[in-house]
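Student: Below you will find the structure I want to go over with you.
The values are calculated or read from the model by the stated rules, or taken from the named source; none is laboratory data. Not measured: the values here are computed from a predicted model. Glycine also receives a Cβ, built like all others from the backbone with ideal geometry; neighbour counts cover every protein chain displayed. Ligands, DNA and RNA are stripped out before the accessible areas are found, and what is left, the full protein with its side chains, is counted by its heavy atoms. Shrake-Rupley method; radii C 1.70, N 1.55, O 1.52, S 1.80 Å.
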Amino acid sequence: MTTQTMTIGRLARLALLSLGALLVLAPYIFMLSTAGKTQSEIFASSLSLIPHTWNYLANFTKAFTRVSMPMLLWNGVVVCGMILVLQVLVAVPCAYAMAKMKFRAARVMMALVMLGLLVPIHATALPLYVAFDRLSILNSYLALVAPFSISVFAIFLFLQFFRAMPDDLIHAARLDGMSELGIVARVIVPNAWPAVTAFAIFSVVAHWNDLFWPLIVVTNQAYATPPLGLLFFRAAEAGDDYGALMAATLIITLPLVLVFLLAQKSFVEGITMTGLKG
Amino acid sequence: MSMFSLRDITKSFSGNAILKGVSLEAGDGEFIAMVGPSGCGKSTLLRIVAGLDHADAGAIRINGAEVSHLPAADRNIAMVFQSYALYPHLTAGQNIAVPLAMRNLSGSQRLPLIGRFMPGQRRICADIQRQVQAMAASLKIDHLLDRKPGQMSGGQRQRVALARAMVRNPSVFLMDEPLSNLDANLRVHARGEIVDLHRRAGVPTLYVTHDQSEALSMADRVAVMIGGNLLQLASPQAIYDDPDHIEVARFVGQPRINLLASQRDADGTVSFGNLRLTSASDTIGDPRVTLGVRPEFVRLRAEGEGALATRIERLEFLGSEVIVFTKLSAIGETVLAKISPAEARGLAAGQPIGLDMDPSHVMLFAEDGRRLAAAPLKAVLREMVHG
Amino acid sequence: MADLAISGYSPIETAARREARTALLLASPALVLMLVFIILPTVAVIVLGFTDFELGYASFRFVGFENYAELLNSRTFRKSLWNTAVYTAIVTPVSIALGLGVALLIESEPRGRSFFRTVYFLPVASLLVAMATVWQYLFHPSIGPLNALLAQFGIPGPNWLGASSTVIYGLSVIGIWQSIGFNMVLFLAGLTAIPRDLYAAAEVDGAKSALDRFRLVTWPMLGPTTLFVTTISVINSVKVFETVKTLTEGGPNKASEVLLFTIYQEGFVFLRVGYASAMTVVFLAILVVLMVLQYRFLDRQVHYS
């Protein structure tokens with residue numbers, strides 16, 4: 001049974017997996033195909049996947065000219081990057097203090113973290129929106145980034161990771177004369193790299209995909225993130241020019257998918273780790 | 001009456017030969033301990049007997065019937081795992097009942113919820129309960145039946161695992177290092193218990209361990225497995241006193257046997273220091289041989305006396321005995337001697353000393369590891385006795 | 001000891017105080033941000049739920065439970081709750097069952113493991129808003145490939161996302177497609193954590209068929225994973241928003257109106273902050289109940305130690 005012979009059971013399993021894979025991939029296949037078709041061919045509604053007349057250039061040109069794709073992607077990179085850096089900078093020292101040091105507020109902090117895990121952005125969005133409106137900081141990177149500067153999930157994840165680290169490591173660093181911040185930077189973070197990577201993947205996927213908050217605080221296209229930009233593009237195209245629309249979705253989906261394909265192993269491990277710890 | 005045999009079992013994983021033709025036979029109710037260093041293939045062999053792995057070639061017979069093609073469930077074997085492999089979601093009682101339920105209840109009777117409405121289910125279940133109770137009582141674990149494995153100690157889990165294996169009167173009993181997860185005190189106690197249980201059940205048992213003292217103390221016969229070969233299958237006494245192979249001699253015995261490289265003359269005489277042996281047969285072949293002598297057959301002599309001149313390196317006090325580590329002055333080899341604390345009085349590290357080896361207990365091994373028949377030269381023996 | 005201490009504290013106490021001060025310093029940025037961006041807004045949303053606050057109006061007053069009374073009578077809100085429940089009831093079990101099925105198939109098949117894992121996980125790494133757009137094309141009543149395929153077999157395809165009778169199913173398909181991969185990797189992790197010895201024991205104990213072994217070992221041992229995947233799936237389904245906003249805007253005829261979309265609509269489009277806050281409180285309450293359910297009741301059923 002463990003040998004490499006092909007049994008009927010194995011063939012059936014492979015067939016089932018392949019069929020499922022085809023269904024999962026179907027949207028990507030049609031996206032690639034339709035992005036190269038002309039409007040008339042799309043409306044002819046044929047199931048052929050190879051475009052009759054290759055219209056890729058025209059569709060991609062449209063996608064690039066109607067909405068500035070590079071700007072959308074840039075905004076996405078800036079916002080996700082800022083969020084990630086802030087989250088790690090804020091969460092790591094806090095998690096270290098909670099995991100390895102004694103202070104009275106630690107228990108209150110723990111309660112706050114558990115409470116915070118329950119509250120998604122959708123619940124705090126209304127008051128934050130009102131406040132940001134009063135402060136006139138809507139339509140800015142600040143508005144996009146600020147609410148996510150604190151990630152209780154990051155604290156929670158790092159806390160669990162740090163707790164598993166041996167105390168002796170920290171004692172040795174203290175004996176070597178390092179300050180607490182030095183310990184965090186030079187001992188904890190290098191050793192917490194798997195957790196940081198896992199969290200980075202989780203955070204980037206979450207915020208790259210997020211539509212809810214950008215939709216609320218951004219009305220100016222200059223600050224649009226990829227999902228919001230695509231929404232603008234759809235509005236501009238009246239949703240019927242599927243060739244251009246597919247070209248646009250292709251451009252916007254590609255960066256993260258490429259990252260995923262290049263770093264699959266850490267990607268899946270990251271999602272699994274953050275998933276199971278959550 | 002129940003017995004099993006293995007013939008020429010071979011197995012390789014991705015080109016690496018793990019088992020190189022292993023054969024053994026266990027008689028009715030025999031307890032065979034298979035011992036060997038880790039990676040020697042003993043666990044693989046056990047899994048093959050169980051039907052969890054399949055051999056590349058060879059035959060497995062249980063009570064005369066060839067079972068190689070049968071799945072584990074149809075071989076009527078029971079197995080105790082090193083990790084115990086208790087189902088953590090079931091209570092001890094439910095764990096013990098699993099093999100009975102799997103065999104005695106039909107698929108429809110085992111269905112959740114509706115299974116209990118199937119005809120005959122109630123009667124069979126009551127029967128299973130009775131057997132579980134009886135088994136638990138005989139292992140003195142009746143008070144644990146409602147506990148889950150997570151709420152039990154290592155020793156308790158081990159007993160539940162034993163109970164689960166024994167409850168259905170298997171034809172063969174397999175144990176894969178069942179004591180290695182227990183602490184030292186409990187382990188010695190559990191040895192006696194398993195031997196006792198084995199006597200009562202009378203089922204042929206194959207017991208795998210890496211602990212030679214476990215193998216020697218528990219088994220009727222010990223199988224020494226090294227590098228995928230079963231080198232010797234014999235009584236514990238024979239394994240220790242009369243090893244067939246240099247690897248068996250090297251593996252069995254604590255402290256380890258002294259092995260000294262030497263040469264054989266054209267007439268078959270082997271000398272080492274003043275020691276002379278004659279190897280009776282097999283005079284052709286490689287002249288290189290190895291002498292083996294257990295530390296208890298090495299005698300200390302005053303400086304300048306004895307067959308070998310050595311210097312004491314250190315002394316290990318073990319309570320009832322003392323191990324003396326000596327270094328041969330001529331070739332720098334270390335030789336161990338086991339002596340009584342009384343004899344060791346006055347000895348100190350660095351002290352030069354003479355050694356004698358009891359020639360009737362010196363073993364001779366050929367270059368390929370085979371044991372060579374050897375006898376002490378009479379003259380030397382006389383010299384020893386008088387010296 | 002006491003005479004060694006200068007400040008009235010023993011050296012040990014001083015060291016402890018210093019450690020506490022450093023710890024608080026390290027935690028303070030997180031503490032402040034947590035208060036500002038999580039705790040205060042949460043309190044504010046509960047308070048706002050009792051007001052008639054509307055953005056653009058200077059003043060507001062407390063109205064007690066008026067917002068909640070309005071919610072009870074609101075056809076839109078009830079429809080929204082119902083749709084969210086239907087969506088969750090479809091997406092959660094189906095995506096869990098398929099995720100588990102795919103994980104079991106991948107686990108038992110040595111060939112192409114990483115290929116299939118990559119393929120099934122791809123939707124998790126894809127921009128949902130973009131892929132929803134692709135699905136809209138697939139679902140298009142006249143030019144979409146799905147209905148073109150159905151037409152080949154002579155079946156007239158429905159207007160998937162355009163008809164109130166099918167829109168929630170269309171959205172569910174997208175939701176399932178998107179979450180199978182996520183559930184799958186969690187199940188794969190759960191499967192690899194099952195000790196191999198348990199399967200060996202099950203075989204020796206007489207569990208002959210794969211189904212027997214699944215019932216005796218796999219399913220019970222996956223308990224914690226399944227509970228966790230279920231909780232996450234339910235919460236993610238309750239939070240469905242992106243596809244609705246992108247594809248249907250709650251329509252047609254409120255047939256795809258879901259909780260977060262209704263909150264978004266009332267709060268950020270109609271700017272009825274007070275009323276939307278009350279809705280948010282209901283949303284939060286649902287999340288709390290789900291969490292409590294997980295930790296208080298179900299957790300004990302699946303952890304065996």
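Student: In the set A:PHE132, A:PHE64, which member is open to solvent by 50 Å² or more (accessible area, probe 1.4 Å) and more than 7 Å from every other protein chain (Cβ to nearest Cβ)?
Tutor: A:PHE64
Student: Quick check on segment A:217-255: of everything there that is open to solvent by 10 Å² or more (accessible area, probe 1.4 Å) and β-branched (Val, Ile, Thr), which residue is nearest to the other protein chains (Cβ to nearest Cβ)? So that I can check it myself, show each step before the final result.
Tutor: Initially, segment A:217-255 is screened for residues open to solvent by 10 Å² or more (accessible area, probe 1.4 Å), giving A:219-223, A:231-232, A:234-241, A:250-251, A:254-255.
Those still in the list that are β-branched (Val, Ile, Thr) too: A:219, A:251.
Details: A:THR219: 11, A:ILE251: 9 Å.
For segment A:217-255, the residue satisfying everything is A:ILE251.
Student: Looking at (1) more than 23 Å from C:LEU259 (Cβ to Cβ); (2) aliphatic (A, V, I, L, M); (3) open to solvent by 20 Å² or more (accessible area, probe 1.4 Å), which is the only condition C:ALA23 fails?
Tutor: So the condition that C:ALA23 fails would be (3).
Student: Hey, another quick one. Looking at (1) assigned to a loop (DSSP other than H, G, I, E, B); (2) open to solvent by 20 Å² or more (accessible area, probe 1.4 Å); (3) not β-branched (Val, Ile, Thr), which is the one condition that is false for B:ARG103?
Tutor: Status for B:ARG103: all satisfied but (1).
Student: Any residue at all in segment A:136-147 that's facing another protein chain (nearest Cβ under 10 Å) and in contact with a helix residue (DSSP H, G or I) (Cβ under 8 Å, 6 or more places away or on another chain)?
Tutor: Going through segment A:136-147, the residues facing another protein chain (nearest Cβ under 10 Å) turn out to be A:146-147.
Narrowing the set further to residues that are in contact with a helix residue (DSSP H, G or I) (Cβ under 8 Å, 6 or more places away or on another chain) leaves A:146-147.
Checking segment A:136-147: at least one residue is facing another protein chain (nearest Cβ under 10 Å) and in contact with a helix residue (DSSP H, G or I) (Cβ under 8 Å, 6 or more places away or on another chain).
Student: Restricting the search to segment B:143-155, which residues are within 22 Å of C:PRO220 (Cα to Cα), more than 14 Å from chain C (Cβ to nearest Cβ) and in a helix (DSSP H, G or I)?
Tutor: Result: B:LEU144, single match.
Student: Kindly indicate whether any position in segment B:192-214 is assigned to a helix (DSSP H, G or I), open to solvent by 10 Å² or more (accessible area, probe 1.4 Å) and among the acidic types (Asp, Glu).
Tutor: yes
Student: Here is a list of conditions, (1) outside the structural domain of C:GLY170 (by TED's automatic domain parsing); (2) open to solvent by less than 10 Å² (accessible area, probe 1.4 Å), and C:ALA201 meets all of them except one; can you say which number that is?
Tutor: So the condition that C:ALA201 fails would be (1).
Student: So, one more: Got a number for residues in segment B:36-58 being open to solvent by 10 Å² or more (accessible area, probe 1.4 Å) and either in contact with a helix residue (DSSP H, G or I) (Cβ under 9 Å, 6 or more places away or on another chain) or assigned to a strand (DSSP E or B) (or both)?
Tutor: Qualifying residue count, segment B:36-58: 8.
Student: For segment C:88-100, what are the residues that are open to solvent by 30 Å² or more (accessible area, probe 1.4 Å) and either facing chain A (nearest Cβ under 9 Å) or of a type in the set (S, T, N, Q) (or both)?
Tutor: Of the residues in segment C:88-100, the ones open to solvent by 30 Å² or more (accessible area, probe 1.4 Å) are C:89-90, C:93-94, C:97-98.
Within segment C:88-100, just C:LEU98 meets the criteria.
Student: Moving on to the next point. Of the numbered conditions (1) farther than 26 Å from B:ILE32 by Cβ; (2) of a type in the set (Ser, Thr, Tyr); (3) open to solvent by less than 50 Å² (accessible area, probe 1.4 Å), B:SER153 satisfies every one except a single condition; which is it?
Tutor: Going through (1) farther than 26 Å from B:ILE32 by Cβ; (2) of a type in the set (Ser, Thr, Tyr); (3) open to solvent by less than 50 Å² (accessible area, probe 1.4 Å) one by one, B:SER153 breaks only (3).
Student: Now for a different question. Out of all the residues in segment B:73-83, is one or more touching a His at 6+ places or on another chain (Cβ under 9 Å) and either modelled with pLDDT of 90 or more or under 24 Å from B:VAL222 (Cβ atoms) (or both)?
Tutor: At the first step, the residues of segment B:73-83 found to be touching a His at 6+ places or on another chain (Cβ under 9 Å) are none.
No: segment B:73-83 contains no residue that is touching a His at 6+ places or on another chain (Cβ under 9 Å) and either modelled with pLDDT of 90 or more or under 24 Å from B:VAL222 (Cβ atoms) (or both).
Student: A follow-up question, please. Before we move on, is B:SER68 of a type in the set (Ser, Thr, Tyr), assigned to a loop (DSSP other than H, G, I, E, B), open to solvent by 10 Å² or more (accessible area, probe 1.4 Å) and without any contact (Cβ under 8 Å) to a residue 60 or more places away in the chain?
Tutor: Judged against the criteria, B:SER68 is a match.
Student: Which of (1) part of a helix (DSSP H, G or I); (2) surrounded by fewer than 13 Cβ atoms within 10 Å (Cβ to Cβ) is the odd one out, the single condition C:TYR57 does not satisfy?
Tutor: So the condition that C:TYR57 fails would be (1).
Student: Another question, then. Can you confirm whether segment A:150-159 contains a residue that is of a type outside the set (Val, Ile, Thr), at pLDDT 85 or above, more than 17 Å from the chain's Cα centre (by Cα) and open to solvent by 20 Å² or more (accessible area, probe 1.4 Å)?
Tutor: Among the residues of segment A:150-159, at least one is of a type outside the set (Val, Ile, Thr), at pLDDT 85 or above, more than 17 Å from the chain's Cα centre (by Cα) and open to solvent by 20 Å² or more (accessible area, probe 1.4 Å), which makes the answer yes.
Student: C:THR248 fails exactly one of the following numbered conditions: (1) open to solvent by 10 Å² or more (accessible area, probe 1.4 Å); (2) out of contact with any Leu (no Cβ under 7 Å at 6 or more places or on another chain). What is the number of that condition?
Tutor: Among (1) open to solvent by 10 Å² or more (accessible area, probe 1.4 Å); (2) out of contact with any Leu (no Cβ under 7 Å at 6 or more places or on another chain), C:THR248 violates only (2).
Student: Moving to a separate point now. Need the failing condition index for C:ASP205 against (1) within 24 Å of C:ARG113 (Cα to Cα); (2) of a type in the set (D, E, K, R); (3) at the interface with chain B (Cβ under 9 Å from one of its Cβ atoms), just the number.
Tutor: Unmet condition: (1).
Student: Kindly indicate which of A:ALA172, A:ALA164, A:ALA200 is at pLDDT 85 or above, surrounded by fewer than 15 Cβ atoms within 10 Å (Cβ to Cβ) and not polar (S, T, N, Q).
Tutor: None of the others qualify; the one that does is A:ALA172.
Student: Which condition breaks for B:GLY227 when tested against (1) over 28 Å from B:GLN212 (Cβ atoms); (2) touching a Cys at 6+ places or on another chain (Cβ under 9 Å)?
Tutor: Against the list (1) over 28 Å from B:GLN212 (Cβ atoms); (2) touching a Cys at 6+ places or on another chain (Cβ under 9 Å), B:GLY227 comes up short only on (1).
Student: Restricting attention to segment C:218-229, does a residue exist that is facing another protein chain (nearest Cβ under 10 Å) and under 25 Å from A:PHE212 (Cα atoms)?
Tutor: yes
Student: Could we say that B:ARG299 is more than 33 Å from the chain's Cα centre (by Cα) and assigned to a strand (DSSP E or B) here?
Tutor: On the way: more than 33 Å from the chain's Cα centre (by Cα): no; assigned to a strand (DSSP E or B): yes.
For B:ARG299, the condition - more than 33 Å from the chain's Cα centre (by Cα) and assigned to a strand (DSSP E or B) - is not met.
Student: A further question on this structure: Cβ contacts < 6 Å: first residue in the same structural domain as A:SER140 (by TED's automatic domain parsing), restricted to segment A:208-222; second residue polar (S, T, N, Q) and open to solvent by 20 Å² or more (accessible area, probe 1.4 Å), any location; separation 6+ or different chain. Result?
Tutor: Taking only residues 6 or more apart or on different chains, the pairs are A:VAL218/A:ASN139; A:ASN220/A:ASN139.
Student: Taking segment A:38-58 as the region of interest, how many residues are within 14 Å of chain C (Cβ to nearest Cβ) and either out of contact with any Gly (no Cβ under 9 Å at 6 or more places or on another chain) or closer than 24 Å to C:LEU122 by Cα (or both)?
Tutor: The qualifying residues number 8.
Student: Moving on to the next point. If you scan segment C:209-227, which residues turn out to be surrounded by fewer than 19 Cβ atoms within 10 Å (Cβ to Cβ) and either outside the structural domain of C:SER179 (by TED's automatic domain parsing) or farther than 17 Å from B:SER106 by Cα (or both)?
Tutor: Answer for segment C:209-227, where residues must be surrounded by fewer than 19 Cβ atoms within 10 Å (Cβ to Cβ) and either outside the structural domain of C:SER179 (by TED's automatic domain parsing) or farther than 17 Å from B:SER106 by Cα (or both): C:TRP219, C:PRO220, C:GLY223, C:PRO224, C:LEU227.
Student: Working only within segment B:173-188, note down all residues that are out of contact with any Gly (no Cβ under 8 Å at 6 or more places or on another chain) and surrounded by 13 or more Cβ atoms within 10 Å (Cβ to Cβ).
Tutor: Within segment B:173-188, B:PHE173, B:LEU174, B:MET175, B:ASP176, B:GLU177, B:PRO178, B:LEU179, B:SER180, B:ARG187, B:VAL188 meet the criteria.
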